[in-house]
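Trainee: There's a structure below that I have some questions on.
The values are calculated or read from the model by the stated rules, or taken from the named source; none is laboratory data. Fair warning: this is a prediction, and the values are worked out from it, not measured in the lab. Neighbour counts are summed over all protein chains in view; Cβ atoms, including those assigned to glycine, are modelled from backbone coordinates with ideal geometry.
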Amino acid sequence: MTDFPQNSTIADVIRHRRTIDNFRPERPPREAILAAIDLARWAPNHKQTEPWRFHLIGEETAREIVRLNTELVRQQKGDTAAEAKQNRWSAVPGWLAITCDVSDDPIRAEEDYAACCCAAQNLALALWSEGIGLKWTTGPVTRLEEFSHLLGIDLGARKIIGLFWYGYPASISNSRRKPVEEIVEEHV
């Protein structure tokens, strides 16, 4: 599943986690996803607003999202690209979305969005620690009103943070980061 031992430290999980583009066909157990969501909800959030909602997407709704995205790609890039995208998306074993409460207060809205992003990272790390990979997408399909309608999301009350694919990795890419010395600025 992953290339690190099961009793890894949090540092190991953070360093080795990767965005997964290709999944094996079997879907991870629902209990593993719920356990990761349980950990995700412990993300920091200002005033303990808990602005996140996790939308578990079943097979029927996932097929409708694939259809919607395929048509979007067909309009923008043609039949060949649409068919390739349809095949790729149809192979994804697990789907969920995260939404965030909408606030009229711009500071609260920013704080809540940041909290939901922290929850998404907690989700990714919790799943990775169990050998389950994740891909977070905010592609054009997530901005369509029909996408929100498929998930029963009232866009006046909730903002879509992203669509998340999950499953056991078929492959894991390598990744590098800049040295710490290149990203730290000290102020005295």
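Trainee: Limited to the range 103-136, what total is found for residues that are of a type outside the set (A, V, I, L, M) and either touching a Pro at 6+ places or on another chain (Cβ under 7 Å) or in a strand (DSSP E or B) (or both)?
Mentor: 6
Trainee: With W89, W95 as the choices, which residue is closer than 17 Å to F147 by Cα, in a helix (DSSP H, G or I) and in contact (Cβ under 8 Å) with a residue 24 or more places away in the chain?
Mentor: None of the others qualify; the one that does is W89.
Trainee: While we're on this one: State yes or no: is S148 in contact with a helix residue (DSSP H, G or I) (Cβ under 6 Å, 6 or more places away or on another chain), buried (at least 16 other Cβ atoms within 10 Å of the Cβ) and at pLDDT 95 or above?
Mentor: Criteria not met by S148.
Trainee: It is to be established whether one or more residues within the range 4-12 are in contact with a helix residue (DSSP H, G or I) (Cβ under 8 Å, 6 or more places away or on another chain), surrounded by 15 or more Cβ atoms within 10 Å (Cβ to Cβ) and closer than 19 Å to G133 by Cβ.
Mentor: Yes.
Trainee: Next up: Among the residues of the range 106-118, is there at least one that is over 19 Å from T138 (Cα atoms), more than 20 Å from the chain's Cα centre (by Cα) and without any contact (Cβ under 8 Å) to a residue 12 or more places away in the chain?
Mentor: Checking the range 106-118: at least one residue is over 19 Å from T138 (Cα atoms), more than 20 Å from the chain's Cα centre (by Cα) and without any contact (Cβ under 8 Å) to a residue 12 or more places away in the chain.
Trainee: Next question, about the same structure. All but one of (1) surrounded by 11 or more Cβ atoms within 10 Å (Cβ to Cβ); (2) farther than 17 Å from T61 by Cβ; (3) without any contact (Cβ under 8 Å) to a residue 24 or more places away in the chain hold for I183; state the number of the condition that does not hold.
Mentor: (1)
Trainee: Could you please let me know if E83 is without any contact (Cβ under 8 Å) to a residue 40 or more places away in the chain, over 24 Å from R18 (Cβ atoms), out of contact with any Cys (no Cβ under 7 Å at 6 or more places or on another chain) and in a helix (DSSP H, G or I)?
Mentor: Yes, satisfied.
Trainee: Going through the range 122-140 one residue at a time, which ones are surrounded by fewer than 16 Cβ atoms within 10 Å (Cβ to Cβ) and farther than 24 Å from N69 by Cα?
Mentor: G131
Trainee: Also, I was wondering about something else. If you take the residues of the range 91-102 that are surrounded by fewer than 18 Cβ atoms within 10 Å (Cβ to Cβ) and touching a Pro at 6+ places or on another chain (Cβ under 8 Å), which of them is nearest to P44 (Cα to Cα)?
Mentor: Filtering first and then ranking leaves P93.
Trainee: Now, a different point. Among the residues of the range 105-116, are any out of contact with any helix residue (DSSP H, G or I) (no Cβ under 6 Å at 6 or more places or on another chain) and within 26 Å of R27 (Cβ to Cβ)?
Mentor: yes
Trainee: For the range 137-181, which positions are charged (D, E, K, R) and either in a loop (DSSP other than H, G, I, E, B) or touching a strand residue (DSSP E or B) at 6+ places or on another chain (Cβ under 6 Å) (or both)?
Mentor: D154, R158, K159, R176, R177, K178
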